[in-house]
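One structure is given here, and the rest of the page talks about it.
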Amino acid sequence: MEFINITGQVEKIVEDSGIEEGLCLINAMHITASVFINDAEPGLHRDFQEWLEELAPHAPVSQYDHNTYEDNADAHLKRQIMGRETVVAITEGEIDFGPWEQIFYGEFDGQRDKKVLVKVIGE
Amino acid sequence: MEFINITGQVEKIVEDSGIEEGLCLINAMHITASVFINDAEPGLHRDFQEWLEELAPHAPVSQYDHNTYEDNADAHLKRQIMGRETVVAITEGEIDFGPWEQIFYGEFDGQRDKKVLVKVIGE
Amino acid sequence: MEFINITGQVEKIVEDSGIEEGLCLINAMHITASVFINDAEPGLHRDFQEWLEELAPHAPVSQYDHNTYEDNADAHLKRQIMGRETVVAITEGEIDFGPWEQIFYGEFDGQRDKKVLVKVIGE
């Protein structure tokens, strides 16, 4: 399990889009991953990991019907708690963040390539 | 509890809209239901149901203050975990799906009519 | 913990925007708060509070790595369950609500100012 700060990369895409007023969708392209907004504090990220493991434990893998050819059912559950996507506002060409808001990619099944979709609309 | 794959119906609406670049909002119109994106694997859907029942059990119904005239408090809680809505990108006239992404309507209080709102914006 | 019904204020902003067809993003600007859509029923709100306290207990505060200078790790977890934001459709100048849908601001760390962002796009 790993949380990667993608704020800078999303900001670059918004800047390059030239859009001044609009919305920006950021979503994980894997169904065992999340995009979410929260604090960039390493202690909190450890808390998230421990908490998700309690709410949707990986082991024993046999507890899940999904785990026949795969063993990642818990990753699908964890992603529902953390969410697939986030939508942010763009105002005067910049993402309209509250204090401490940072965008993270959360991977719950480590064997996957990390892919994020960023879509900017507006004018 | 039931999960219905609505991907084909949403794709048809997006196609009919003629929109090439934009966003599509899909939300449940009932507050005891969800729209979410995950895997179309029946074993996983059974896992979701069992897991939601553990996190927000239906019985005993008396454990919830909401259950005076109704007995569906747990359905309101389950819907918070699974989410009310999803937003997807439209690129070159098609929904921009990652691998295995499918859109589901989840009903947690079986006595309701199923109603979903799909809104497409862009150009 | 407190849930504030902000539906009327959001409706006013949508009306003032003059937008007839579009999307409206409503998000909490604090990472220990949520914006979500559910029922305006006080019993259910008590159920939400008790349930969130079970899933992500505040005490003992020492159970969370985040709680060194702060003691609000549980508020960050609760906000992940309830969600940061919601997106609603605007049709013929009005928010396209299902029956009983109301928009709430949920605060999980009471010491913060309450700030919500509302962004309306469309035409």
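Okay, helix-only estimate at 222 nm for chain C: each DSSP H run of n ≥ 4 adds -39500 (n - 2.57), divide by all residues, round to 500 deg cm²/dmol; what do you get?
On the way: 3 runs with 35 residues, N = 123.
After summing the helix terms and dividing by residue count, I get -9000 deg cm²/dmol.
Distance check, please: which entries in A:119/B:115; B:115/C:114; A:115/C:114; B:12/C:115; B:119/C:115; A:78/C:115 exceed 31 angstrom between their Cα atoms? If you can, show how the numbers build up before the last one.
Details: A:119/B:115 27 Å; B:115/C:114 33 Å; A:115/C:114 34 Å; B:12/C:115 38 Å; B:119/C:115 27 Å; A:78/C:115 28 Å.
Cα-Cα > 31 Å for B:115/C:114; A:115/C:114; B:12/C:115; rest within.
Over the C-alpha atoms of the protein assembly as shown, what are the Rg and the largest Cα-to-Cα span, Dmax, in Å?
Spelled out, the Cα radius of gyration and Dmax of the protein assembly as shown are 19.2, 55 Å.
First check a/c for chain C, with a ≥ b ≥ c the square roots of the eigenvalues of its C-alpha gyration tensor; if it is under 1.5, answer rounded, and if not, answer prolate when a/b is larger than b/c or oblate otherwise.
Details: a/c = 3.04, a/b = 2.01, b/c = 1.51.
The shape class here is prolate.
In debye, nearest 20, what is the charge dipole magnitude of the range C:2-122 about its Cα centre with +1 on Lys and Arg Cβ and -1 on Asp and Glu Cβ, if you could check?
Values: 9 positive and 24 negative charges, 77 e Å.
That gives the range C:2-122 a dipole magnitude of about 360 debye.
Defining the label point at 7 Å along Cα→Cβ, can you sort the distances from residue C:11 to the same site in each other copy, shortest first, in nm?
Reported distances to equivalent positions: 3.8, 3.9 nm.
Treating the angle as unsigned and between 0 and 90°, give the value, to the nearest 10°, between the Cα long axis of helix A:42-55 and the longest Cα principal axis of chain A.
For A:42-55 against chain A, the angle is about 40 degrees.
Give the A-B buried accessible area in Å², both sides summed, 1.4 Å probe, nearest 100.
Chains A and B together bury approximately 2300 Å².
How much accessible area per residue does the range C:2-122 have, counting only protein heavy atoms and a probe of 1.4 Å, in square angstrom? List each step's numbers first, then the result.
Numbers: 4970 Å² over 121 residues.
Computed with neighbouring chains in place, this is 41 Å² per residue.
Compute the long axis of helix B:7-17 from its Cα atoms, compare it with the longest principal axis of the Cα atoms of chain B, and write down the angle in degrees, 0 to 90, nearest 10.
On a 0 to 90 degree scale, this one is about 40.
Give me the inter-chain shielding for C:42-50: mean count of other chain Cβ atoms within 10 Å, whole number please. It would help to have the intermediate numbers written out before the result.
Details: counts 2, 8, 10, 2, 4, 10, 7, 1, 3.
Partner Cβ neighbours, averaged per residue: 5.
Specify the inter-centroid distance of the range A:86-111 and the range C:62-122, based on alpha-carbon positions, in whole Å.
Going from one Cα centre to the other spans 14 Å.
Average partner chain C-beta neighbours within 10 Å, per residue of A:57-70? Numbers along the way, then the final one.
On the way: counts 0, 0, 0, 0, 0, 0, 3, 7, 10, 9, 3, 2, 2, 4.
That average works out to 3.
For the range A:2-122, what does the relative contact order come out to in percent, with C-alpha contacts under 8 Å and a separation of six or more? Kindly include the intermediate steps, with their values, before the conclusion.
Details: 207 pairs, mean separation 63.7, N = 121.
Relative contact order, the range A:2-122: 53 percent.
So how do C:9-18, A:83-92 stack up, highest first, on mean other-Cβ count within 10 Å?
Values: C:9-18: 14.7, A:83-92: 20.7.
Ranking the peptides C:9-18, A:83-92 by packing returns A:83-92, C:9-18.
Along the positive direction of the dipole of chain C (beta-carbon charges: Lys, Arg +1; Asp, Glu -1; about the Cα centre), which of C:57, C:28, C:82 reaches farthest?
The residue sitting most towards the positive pole is C:57.
What FRET efficiency comes out for the pair residue A:4/residue B:2, r = Cβ-Cβ distance, R0 = 41 Å, nearest 0.05? Working shown, then result.
Working: r = 35 Å, r/R0 = 0.85.
Here the calculated transfer efficiency is 0.70.
What distance in nm separates the two pseudo spin-label positions at residue B:16 and residue A:92, each 7 Å out from Cα along the beta-carbon direction?
Distance between label points: 4.3 nm.
In the protein assembly as shown, carbon and sulfur make up what percent of the accessible area (probe 1.4 Å)? Write down the numbers at each step before the final one.
Working: 7310 of 15620 Å².
Accessible surface attributable to carbon and sulfur in the protein assembly as shown totals 47 percent.
Using only the alpha-carbon atoms, how far is helix C:73-82 inclined from the longest principal axis of chain C? Give it as 0 to 90 degrees, nearest 10.
Roughly 30 degrees between the two axes.
Is there a simple number for the mean count of other chain Cβ atoms within 10 Å of the Cβ of residues in B:91-104, and what is it?
Numbers: counts 2, 0, 0, 0, 0, 5, 3, 10, 6, 4, 6, 1, 0, 0.
Shielding by partners across B:91-104 averages 3.
Mind listing which chymotrypsin sites (Phe, Trp or Tyr not before Pro) in the range C:13-82 are in a DSSP loop and have 10 or fewer other Cβ atoms within 10 Å? Before the final figure, lay out the partial values.
On the way: sites: C:36, C:48, C:51, C:64, C:69; in loops: C:64, C:69.
Taking the range C:13-82 and a limit of 10 other Cβ atoms within 10 Å, the loop chymotrypsin sites (Phe, Trp or Tyr not before Pro) found are C:69.
The values are calculated or read from the model by the stated rules, or taken from the named source; none is laboratory data. All of these numbers come straight from a predicted model, not from anything done at the bench. Positions of Cβ are backbone-derived with ideal geometry, glycine not excepted, and every protein chain shown enters the neighbour counts. With ligands, DNA and RNA removed, areas are computed over all heavy atoms of the protein, side chains included. Shrake-Rupley method; radii C 1.70, N 1.55, O 1.52, S 1.80 Å.
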